[in-house]
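For reference, the structure discussed in these notes is given below.
Each reported figure results from applying straightforward, stated rules to the coordinates on display, with no laboratory input. Small disclaimer: the values here were computed from a predicted structure and weren't measured. Methodologically, a virtual Cβ is constructed for each residue, glycine included, from the backbone with ideal geometry; neighbour enumeration extends over all protein chains shown.
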Ligand SMILES: [Zn+2]
Ligand SMILES: [Zn+2]
C-alpha cells in the first residue's frame, strides 16, 4: 500500500501530517488541494515517493520520447508552432508507454517550468489524492471486517477510467477474503475495491 513520507524544511513532519489529515477530511478536493499547494510552497515540502517516481520513470520517459522523435518524419519537417504542438503530442505518447503513468500529472512532473520548478498543484493533488485514497481504503477494510459478511468470497479491483498498465495488471489478480488488496498501488492511483460475493 502506498503510504507517503515527507521531507520538509520549514515545518515538522508531524505537524504537516496533522494538517493533511484535517484537510483531507474536508471532502472538497479543490479546497484541499489549494491548502496543500500553499503548504508545499511555503514549507518547501518534498514527498519522497513523488521524487522516487520521477527518478525512476523520467529517464524511461526521455528514452521513449527520443524514440518517438526519431520515428516521426512529420516532426523532422515541422517548424515553429506546429513543431511545438507535435512535440507536445509525442510527449503524451511517450508517457503512455510507461508502466506507471499518471497522465497529465506525469507530464507536469517531467516538464518543469523554465526555473526547474514543478507546478505545486500537481504535487499537492498527488499528495492529497494518494493520502485520502489510502485513508479511504483503510476505512473500507475496517468496515468490511466489522460487517463480517459470511458470503464475501474476495475482492476485486475497480480500475479508474485512465488507469495505467500497472493497475490494469494488478486488477486481473484474484483477491480472496483474507487478502485485502493493498491500495493505492502507487502515487496518484485512483483504483477502488469492491467485494465479490459467493452467490
Ligand atoms: Zn496505475
Ligand atoms: Zn490504480
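The calculated FRET efficiency for the pair residue 153 and residue 1, based on their C-beta separation and a Förster distance of 30 Å, comes to about 0.85. Over what distance in Å are the Cα centres of the range 1-54 and the range 146-171 separated? Computed from Cα coordinates, the inter-centre distance equals 27 Å. Placing a pseudo-label 7 Å from each Cα along the Cα-to-Cβ vector at residue 119 and residue 173 gives an inter-label distance of 3.1 nm.
Mean projection of the Cα convex hull over all viewing directions, computed for the chain: 13.8 nm².
Label-to-label distance for residue 55 and residue 21 is 2.8 nm, based on points extended 7 Å past Cα in the beta-carbon direction. Using 0.36 nm per residue and subtracting the Cα-Cα separation, the extra length available between residue 136 and residue 34 on full extension is 34.7 nm.
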